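The block underneath contains the structure these notes are about, expressed in structure tokens.
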Amino acid sequence: MLAWEQAEFDRTVADLFGYHALQLGLPELAGLQTNRMSHRWLAVPEAGQVALPTLVTDPCALPFPENSLDLVLLPHTLELSPDPHAALREVHRVLVPEGRVVISCLNPGSLWGFKQRRAQLYRHLGFGQLFLPQAGDFIAYWRLRDWLRLLGFEVETARFGCYRPALRTDKWLDRFAWMDRAGDRWWPILGAVTFVVGVKKVHGMRLLSPPWKARKNMAAAPVPVASPAQNARKTNHEPD
């Protein structure tokens, strides 16, 4: 799953331009490694998650002014947040108009989601253990899309991945590799991971293109000027 997400983030952010980019959460994934913005930050909700210097901040209270970031990555950040809608609203606040948010989250409608719900039922009955960590709540794609549209985002792209069942050995994972190839075509919304790119839209605003091209000088229209000889001929033919 991590390898699939890394490839998706690398491909998506490589051609996104601007000045300021932020990855919020999941330090195990280098979401901005192919991006070329001059200022890039990694933020985590709790201190001590990584040894490298990072920004520790609450996803619902980012230390950035309004309209200051060009790109925000949320790898599994919303599903681990106690208030995912508030975190998404905060991302909308700090993004510039036409800025992008890139979100990855687990899909409750996948085989992984089904296995997690079954494990929760068994654990409620007093036996078994969870398939995935108990922290967090899966967010369905349609729910996430409604949140984005409510806040003024436009869904630019939406993809799904990791269709194979989660198995313990590489041998069995390789045997089900055909499911990843067939999933995009036959059952695209059943992937274990949802990957969404949203664009912040501001109604009533029109972006002006920079004046990179110099305006062409308009040549003045030629004005006919009569010569002295023509004036003399005209005078001689005038009636008395």
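With respect to the stated conditions, residue 109 fails to be closer than 30 Å to residue 70 by Cα and among the small types (Gly, Ala, Ser).
Number of residues in the range 32-60 that are open to solvent by 40 Å² or more (accessible area, probe 1.4 Å), modelled with pLDDT of 90 or more and in a loop (DSSP other than H, G, I, E, B): the value is 5. With the structure loaded, tell me whether residue 63 is open to solvent by 70 Å² or more (accessible area, probe 1.4 Å) and in contact with a Ser or Thr (Cβ under 7 Å, 6 or more places away or on another chain) or whether it fails that test. For residue 63, the condition - open to solvent by 70 Å² or more (accessible area, probe 1.4 Å) and in contact with a Ser or Thr (Cβ under 7 Å, 6 or more places away or on another chain) - is met. The residues of the range 94-122 that are of a type in the set (Lys, Arg) and either modelled with pLDDT of 95 or more or in contact with a helix residue (DSSP H, G or I) (Cβ under 7 Å, 6 or more places away or on another chain) (or both) amount to a single one, 100. Of 168, 185, 143, 175, all but one fail to be surrounded by fewer than 15 Cβ atoms within 10 Å (Cβ to Cβ), free of Cβ contacts under 8 Å to residues at least 24 places away in the same chain and under 13 Å from residue 109 (Cβ atoms); the exception is 143.
Within the range 92-110, the residues that satisfy the criterion of being farther than 16 Å from residue 146 by Cβ and either touching a Lys or Arg at 6+ places or on another chain (Cβ under 8 Å) or open to solvent by less than 30 Å² (accessible area, probe 1.4 Å) (or both) are 94, 95, 96, 97, 98, 99, 100, 102, 104, 106, 110.
Please determine whether any residue of the range 71-80 is open to solvent by 50 Å² or more (accessible area, probe 1.4 Å), touching a residue at least 12 places away in the same chain (Cβ under 8 Å) and over 17 Å from residue 148 (Cβ atoms). Within the range 71-80 (the criterion being open to solvent by 50 Å² or more (accessible area, probe 1.4 Å), touching a residue at least 12 places away in the same chain (Cβ under 8 Å) and over 17 Å from residue 148 (Cβ atoms)), the answer is yes, since at least one residue qualifies.
Search the range 9-31 for residues that are buried (at least 20 other Cβ atoms within 10 Å of the Cβ) and modelled with pLDDT of 95 or more and pair each with any residue that is part of a strand (DSSP E or B) and acidic (Asp, Glu) when their beta-carbon atoms are under 7 Å apart and the residues are at least 6 apart or on different chains. Listed by first residue and then by second, the contacts come to 21/70.
The values are calculated or read from the model by the stated rules, or taken from the named source; none is laboratory data. Please read these numbers as outputs of a predicted model, since none were measured by experiment. Methodologically, a virtual Cβ is constructed for each residue, glycine included, from the backbone with ideal geometry; neighbour enumeration extends over all protein chains shown. Keep in mind that these areas ignore ligands, DNA and RNA; they rest on the heavy atoms of the full protein, side chains included. Shrake-Rupley method; radii C 1.70, N 1.55, O 1.52, S 1.80 Å.
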